[in-house]
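Asks: Following this message is one structure expressed as C-alpha cells.
The values are calculated or read from the model by the stated rules, or taken from the named source; none is laboratory data. All values derive from a computational prediction rather than experimental measurement. Cβ atoms come from the backbone with ideal geometry, glycine included; neighbour counts cover every protein chain shown. Calculation scope for accessible area: heavy atoms of the full protein, side chains included, ligands and nucleic acids excluded. Shrake-Rupley method; radii C 1.70, N 1.55, O 1.52, S 1.80 Å.
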Amino acid sequence: MKNAAHAASDSSATPEEAIRRSWERCMASGLRSNEHLPDAPGSRASLSERLEANARLLTFAQPIMEHLHQQIARSSSTILLADDAGTILRAIGDADFAERAARVALQPGHSWAEGAMGTNAIGTALAEQRPVAVVGTDHYLERNRFLTCIATPIHAPTGGVLGILDISSSAPFTQVHAQALLQTTAEIIENRLIESIAEAAVTIRFHPHAEALSSPLEGLAVFDEGGTLLACNRRAEKLLSIADGRRDTPAYARIFETPWKSILDHALASSMRTTRLRAHDGREFAARVQAGHLQALRSHTPTPPPPTPARHGPTLDSLDLGDKAVNTAIRRAQRIVGLDIPLLIQGETGTGKEVFAQAFHHSGPRRAGPFVAINCAAIPANLIEAELFGYRAGAYTGARTDGARGKLREAHGGTLFLDEIGDMPLRLQAVLLRVLETRRVTPLGGGPDERIDLALVCASHRPLKALCESGEFRPDLYFRLSAMSLALPPLRERSDIDALVRHILQAESPHRPLRVAAATLDLLRRHPWPGNIRQLKNALRLATAMLGPDEATLTPDHLPHELLDQPDAGPACQSLRAAEIRLVEETVARHAGNISAAARELGITRTTLYRKLRRG
C-alpha cells in the first residue's frame, strides 16, 4: 500500500533522545554552536522554483494555515511551511514577531535543515521524521535560543514526507496544546491531499463510533475501481492496524469482510447515510461511503445524456497578453485544471472574472460539457436555493408546474460558476458545503438525491476572508472554496493595455481590421477605468460604431466624451482632453511644424489634426 505515513528513525525514542541525537549529528558535522551563519537565502528564482514544485502542497496548506493562525493570533508567533528539504516556503504570523524572526532568517527562502541551522524544530522533525519540540537551549545555535518551536511532518498520500508544518514563537506556550493543534492541522492537510487523488473511485470514512464521523478522529481510505487501496490517513492506519512504511497494496477484500459490491451500491445510493463495515478481525465500524470517478460503475448509474459538441471559447493561454499579475493567475489556475479542486477568483467588478472562469472551463477535460453561471447577488435570497438545487412541481407557491432541474444538476459533466458568492445567504452556504462534500443534490420538495460531477469556480469582488471575520461568510465553506485562490488585477494596474485593446477590437470587428491612433492609445492608458475591462469594452464598442464607412483608425474623437473630459481628475489622473492636446502639440513640435508627418505618426488625418490644434 502507498501509505500516508513514513517510518520515523525511531518512533519509540523519547523527545529528549531525539534532541540528543540531533546535537550529536551537528557536532559530528563540525557545526559550531556559536557560529553565525550568513543570512543568504537561495535566489529568488530558486524560491520560485520550490514554490512551483510544491504548488499542490501549498494549495491545500495555505488556507488551513491561515485558519490555524486565527486560533493563535497575537501570541508573538508565526506558522511556517517548509518543503521536504527544510526550506521555508510560507510564513503566516504576527507582525511583532516577524522582525525578530527575520534576524535569524526564519522566513521564506531560507533553509532550516539541520546542516544549516543545527538542532531546530523544522530540521530535526525532518531528520527524525516525527513531531519535535525544540525549546530555548535545545537549539544548537546560540542565536536561535530565544525561540520556542514545534514541528510535525506532513506525509504524502503516496508515502514519504512532503513537508514540515511549524509553529515558532519568542514567547513560551503550552506545548501539549500547541502540539495537538499542530498535529490536527497537519492531518487535515494530509486528508485533503488524499481526497484529491484523481484515481480515487471510492472514499470510505469510518470509525468505531458513528458520532466520530466527519471529525478529525475518522479514518479515511480511498480505493480505485477494483478495490485496491490507494492511500489512507494516519487514523485509518491505526484503526486497521496497518503498519507504517508498508509498500504493498492491499485490496479492500483483504481488510474488510463486507462485500465490495455492497460498498459500490451504497456509494451510488447515498453517501450521507451511515452504513456498517466489518473487518476480518471481527471489528465493526460506522462508515460513510462516497463515490468518486467510477468508470467501472457506469453500468450501475443512469446513462448520462450524450455530451454536447465542444464549445468554442477563450482558453487560459489566450488570456495571457503580457501582464505579469495575469500571467501568475493563469499559471496557478493551470495547475489544477482537471483536478477536483475548487477555484476562487477575486478582484474588482469588471476585471474579467467570468471570462477567466470560462477560460478555465475551456482549458480542461470538461470543455465539452456545459458552463453554467449564476450570479448570487442578482437573485432574491428566497429564490436562490430553488435556482441552485431545482425543485419538484408544486414545491412552493409560484413554482413552475413541471419543476426545474436547478443549476447544480444542469452543470453535471461541466463547470458551475458561482459569481458574487460572497452575497450567498448564510443558510444556503451550509447547504452548498454539504453538496460539495457529498456531491449529491436533492431538489426542493423532496425526491431522490442525484449524484453530480462538476468543476466549481467561484468569484467575488468582496474579500471573503474579511466576510468570515465579520460573520457574513462561513469559514468552513471559505476553506473548502479557497484551496486555489487567485486575484485578477484592476485594469489601471495592468501593463498590457495596448495588447488588450487590440484583442478586444479583433473580437468586436473580426472582419474589419482596425488601427488605433497613438493619441487614442495614450488616452486609454491614462484613464483610471473604474469599471475595468467591462468599461473598456463598452468604450471600444462605441468607438467602433462611430467609425465612418471609409475609416479604419480609431481616433480620440471616436471615444466616449466621458473619457475625454474628467473635470474632477486629480494630479495622478489628469484630464484626458488636456493630455491629448499636449500630445498633439509635442508631436507637431517634434516634426518642426510638418503637419503631414505629425498626422502620420498620430494615425489621424491632417484635417483632424488641424481641428485639434484649433481646439487647443
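Asks: Quick check on the stretch 352-361. Is at least one of its residues at pLDDT below 90 and not in a helix (DSSP H, G or I)?
Replies: Keep residues of the stretch 352-361 that are at pLDDT below 90, which gives none.
Among the residues of the stretch 352-361, not one is at pLDDT below 90 and not in a helix (DSSP H, G or I), which makes the answer no.
Asks: When you check Ala243 against the structure, is it modelled with pLDDT under 85, of a type in the set (A, V, I, L, M), closer than 30 Å to Val441 by Cβ and not in a strand (DSSP E or B), yes or no? So that I can check it myself, show each step before the final result.
Replies: Numbers: modelled with pLDDT under 85: yes; of a type in the set (A, V, I, L, M): yes; closer than 30 Å to Val441 by Cβ: no; not in a strand (DSSP E or B): yes.
So Ala243 fails the test.
Asks: Name the single residue, out of those in the stretch 222-238 being hydrophobic (A, V, I, L, M, F, W, C) and under 14 Å from Ala267 (Cα atoms), that is surrounded by the most Cβ atoms within 10 Å (Cβ to Cβ).
Replies: Let us first name the residues in the stretch 222-238 that are hydrophobic (A, V, I, L, M, F, W, C), namely 222-223, 229-232, 236.
Subset that is under 14 Å from Ala267 (Cα atoms): 222-223.
Values: Val222: 23, Phe223: 25.
Checked the stretch 222-238; the qualifying residue surrounded by the most Cβ atoms within 10 Å (Cβ to Cβ) is Phe223.
Asks: Just the residues that are touching a helix residue (DSSP H, G or I) at 6+ places or on another chain (Cβ under 8 Å) and open to solvent by less than 30 Å² (accessible area, probe 1.4 Å), please, taken from the stretch 205-221.
Replies: Residues of the stretch 205-221 that are touching a helix residue (DSSP H, G or I) at 6+ places or on another chain (Cβ under 8 Å), as a first pass: 206-208, 216-221.
Within the stretch 205-221, Phe206, His207, Glu218, Gly219, Leu220, Ala221 qualify.
Asks: Go through (1) surrounded by 12 or more Cβ atoms within 10 Å (Cβ to Cβ); (2) at pLDDT 80 or above one by one and return the number of the condition His293 breaks.
Replies: It is condition (2) that His293 fails.
Asks: In the stretch 63-82, what residues are open to solvent by less than 50 Å² (accessible area, probe 1.4 Å) and either in a helix (DSSP H, G or I) or without any contact (Cβ under 8 Å) to a residue 12 or more places away in the chain (or both)?
Replies: Pro63, Ile64, Met65, Glu66, Leu68, His69, Ile72
Asks: Related question: When you check Asp84 against the structure, is it within 30 Å of Gly159 (Cβ to Cβ), in contact with a helix residue (DSSP H, G or I) (Cβ under 8 Å, 6 or more places away or on another chain) and at pLDDT 85 or above, yes or no? Steps first, answer last, please.
Replies: Values: within 30 Å of Gly159 (Cβ to Cβ): yes; in contact with a helix residue (DSSP H, G or I) (Cβ under 8 Å, 6 or more places away or on another chain): yes; at pLDDT 85 or above: yes.
Considered against the rule, which asks whether it is within 30 Å of Gly159 (Cβ to Cβ), in contact with a helix residue (DSSP H, G or I) (Cβ under 8 Å, 6 or more places away or on another chain) and at pLDDT 85 or above, Asp84 comes out as yes.
Asks: Could you check how many residues of the stretch 391-420 are in contact with a helix residue (DSSP H, G or I) (Cβ under 6 Å, 6 or more places away or on another chain) and either at positive phi or modelled with pLDDT under 80 (or both)?
Replies: 1
Asks: Name the pairs whose Cβ atoms lie under 9 Å apart, with the first residue in the stretch 448-475 and in contact (Cβ under 8 Å) with a residue 24 or more places away in the chain, the second of a type in the set (Ser, Thr, Tyr) and open to solvent by 60 Å² or more (accessible area, probe 1.4 Å), and 6 or more positions between them or separate chains?
Replies: So the pair list comes out as Asp449/Thr442; Glu450/Thr442; His461/Thr349.
Asks: Tell me whether the stretch 560-582 contains one or more residues that are among the polar types (S, T, N, Q), modelled with pLDDT of 75 or more and out of contact with any His (no Cβ under 7 Å at 6 or more places or on another chain). Show your work before the answer.
Replies: Initially, the stretch 560-582 is screened for residues among the polar types (S, T, N, Q), giving 566, 574-575.
Then drop every residue that is not modelled with pLDDT of 75 or more, which leaves none.
So far as the stretch 560-582 goes, no, none of its residues is among the polar types (S, T, N, Q), modelled with pLDDT of 75 or more and out of contact with any His (no Cβ under 7 Å at 6 or more places or on another chain).
Asks: Inspect the stretch 485-502 for any residue being at pLDDT below 90, open to solvent by less than 30 Å² (accessible area, probe 1.4 Å) and not basic (Lys, Arg) and give the result as yes or no.
Replies: Taking every residue of the stretch 485-502 in turn, none turns out to be at pLDDT below 90, open to solvent by less than 30 Å² (accessible area, probe 1.4 Å) and not basic (Lys, Arg).
Asks: For the stretch 83-173, which fully contained helices (runs of 4 or more DSSP H) count at least 2 residues that are surrounded by 22 or more Cβ atoms within 10 Å (Cβ to Cβ) and touching a residue at least 40 places away in the same chain (Cβ under 8 Å)? Can you show your working first?
Replies: Working: elements: 95-103, 114-117, 121-128.
Of the helices (runs of 4 or more DSSP H) lying wholly inside the stretch 83-173, those with at least 2 residues that are surrounded by 22 or more Cβ atoms within 10 Å (Cβ to Cβ) and touching a residue at least 40 places away in the same chain (Cβ under 8 Å) span 114-117, 121-128.
Asks: Also, quick follow-up: Where residues in the stretch 378-390 are part of a loop (DSSP other than H, G, I, E, B) and either open to solvent by 60 Å² or more (accessible area, probe 1.4 Å) or over 12 Å from Ile421 (Cα atoms) (or both), which of them is modelled with the lowest pLDDT?
Replies: It comes out as Pro380.
Asks: All but one of (1) within 26 Å of Gly159 (Cα to Cα); (2) assigned to a helix (DSSP H, G or I); (3) open to solvent by 50 Å² or more (accessible area, probe 1.4 Å) hold for Ser262; which doesn't?
Replies: All conditions pass for Ser262, except number (1).
Asks: Could you list, in sequence order, all residues of the stretch 218-240 that are modelled with pLDDT of 90 or more and among the hydroxyl-bearing types (Ser, Thr, Tyr)?
Replies: Once the filter is applied, which keeps residues that are modelled with pLDDT of 90 or more and among the hydroxyl-bearing types (Ser, Thr, Tyr), the stretch 218-240 yields nothing.
Asks: Considering every residue within the stretch 198-210, establish whether at least one is modelled with pLDDT of 90 or more and touching a Pro at 6+ places or on another chain (Cβ under 7 Å).
Replies: No, because not a single residue in the stretch 198-210 is modelled with pLDDT of 90 or more and touching a Pro at 6+ places or on another chain (Cβ under 7 Å).
Asks: Also, I was wondering about something else. In the stretch 405-453, which residues are open to solvent by 30 Å² or more (accessible area, probe 1.4 Å) and among the β-branched types (Val, Ile, Thr)?
Replies: Listed by number, the list holds a single entry, Thr442.
Asks: For Ala180, indicate whether it is under 30 Å from Val135 (Cβ atoms), more than 25 Å from the chain's Cα centre (by Cα) and free of Cβ contacts under 8 Å to residues at least 12 places away in the same chain. Steps first, answer last, please.
Replies: On the way: under 30 Å from Val135 (Cβ atoms): yes; more than 25 Å from the chain's Cα centre (by Cα): yes; free of Cβ contacts under 8 Å to residues at least 12 places away in the same chain: yes.
So Ala180 passes the test.
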